[in-house]
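Asker: One structure is given below, represented as structure tokens, and several questions about it will come after.
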Amino acid sequence: MPQQRIVHGRLCLNPAGRRACWDGREIRLTLREYAIVECLALPPGHDVSYRRLYDQVRGTGFTAGAGPAGHEVNVRAFIKRIRRKFRDIDPGFDAIENYPRFGYRWRLGA
């Protein structure tokens, strides 16, 4: 049986269709961007490492970029694009918080 919609504050996720909405408006995310948002938002408020986020989109242990932490640059680029898409709908969007040198989290109450 497909999973129902998941609502956390202003965010609504549809895991079966890999769709996300913010304030009732669809955010046009790629499948990889959706995977990152889902990983951050379920459950909200937990810290997610750069490595775990990258594993969500490229597979466990995939190596990219320069050096052992090269994947962090790629994750930052994903997050930048995701934030831009949410801010196109809501210029005040601030639900994705950075945890310096570790990763990101979806802000509780967002």
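Asker: With respect to F93, is the statement that it is surrounded by 13 or more Cβ atoms within 10 Å (Cβ to Cβ), part of a loop (DSSP other than H, G, I, E, B) and touching a residue at least 24 places away in the same chain (Cβ under 8 Å) true?
Answerer: Details: surrounded by 13 or more Cβ atoms within 10 Å (Cβ to Cβ): yes; part of a loop (DSSP other than H, G, I, E, B): yes; touching a residue at least 24 places away in the same chain (Cβ under 8 Å): yes.
Answer is yes for this residue.
Asker: Suppose we filter region 16-41 for residues that are touching a strand residue (DSSP E or B) at 6+ places or on another chain (Cβ under 7 Å) and of a type outside the set (D, E); how many remain? Step through it out loud before you land on a result.
Answerer: Just the residues of region 16-41 that are touching a strand residue (DSSP E or B) at 6+ places or on another chain (Cβ under 7 Å), to begin with: 19-22, 26-27, 29, 34, 37-41.
Subsequent filtering for residues that are of a type outside the set (D, E) retains 19-22, 27, 29, 34, 37, 39-41.
Count: 11.
Asker: Next question. Restricted to region 44-82, and to residues that are in contact (Cβ under 8 Å) with a residue 24 or more places away in the chain and either assigned to a loop (DSSP other than H, G, I, E, B) or acidic (D, E) (or both), which residue is nearest to I27 (Cα to Cα)?
Answerer: P44
Asker: Of everything in region 1-38, what is touching a Lys or Arg at 6+ places or on another chain (Cβ under 7 Å) and not in a strand (DSSP E or B)? Give them in sequence order.
Answerer: Passing the criteria: D23, R28, L29, L31, E33, Y34.
Asker: Give me the residue from region 59-82 that is surrounded by 16 or more Cβ atoms within 10 Å (Cβ to Cβ) and over 16 Å from D23 (Cα atoms) and, out of that set, modelled with the lowest pLDDT.
Answerer: Of the residues in region 59-82, the ones surrounded by 16 or more Cβ atoms within 10 Å (Cβ to Cβ) are 71-72, 74-75, 78-79, 82.
Right, trim to over 16 Å from D23 (Cα atoms) and you get 71-72, 74-75, 78-79.
Numbers: H71: 83, E72: 86, N74: 89, V75: 93, F78: 96, I79: 97.
This residue is H71.
Asker: Across region 96-110, what is the number of residues that are part of a strand (DSSP E or B) and not hydrophobic (A, V, I, L, M, F, W, C)? Break it down stepwise before answering.
Answerer: As a first pass, look at region 96-110 and keep what is part of a strand (DSSP E or B): 96-99, 103-106.
Next, only the ones that are not hydrophobic (A, V, I, L, M, F, W, C) stay: 97-99, 103-105.
The qualifying residues number 6.
Asker: Further, regarding this structure: Looking only at region 11-31, count every residue that is of a type outside the set (S, T, N, Q) and surrounded by fewer than 18 Cβ atoms within 10 Å (Cβ to Cβ) and tell me the total.
Answerer: Residues of region 11-31 of a type outside the set (S, T, N, Q): 11-13, 15-29, 31.
Narrowing further to those that are surrounded by fewer than 18 Cβ atoms within 10 Å (Cβ to Cβ): 15-19, 21, 23-26, 28, 31.
Count: 12.
Asker: Read through the list (1) of a type in the set (D, E, K, R); (2) surrounded by 12 or more Cβ atoms within 10 Å (Cβ to Cβ); (3) part of a loop (DSSP other than H, G, I, E, B), then give the number of the only condition that K85 fails.
Answerer: Going through the list (1) of a type in the set (D, E, K, R); (2) surrounded by 12 or more Cβ atoms within 10 Å (Cβ to Cβ); (3) part of a loop (DSSP other than H, G, I, E, B), K85 breaks only (3).
Asker: Please enumerate the residues belonging to region 20-40 that are farther than 24 Å from R76 by Cβ and touching a helix residue (DSSP H, G or I) at 6+ places or on another chain (Cβ under 8 Å).
Answerer: D23, R25
The values are calculated or read from the model by the stated rules, or taken from the named source; none is laboratory data. Everything quoted here is computed from the prediction, not taken from an experiment. Every residue, glycine among them, receives a Cβ derived from its backbone with ideal geometry; neighbour counts consider all protein chains shown.
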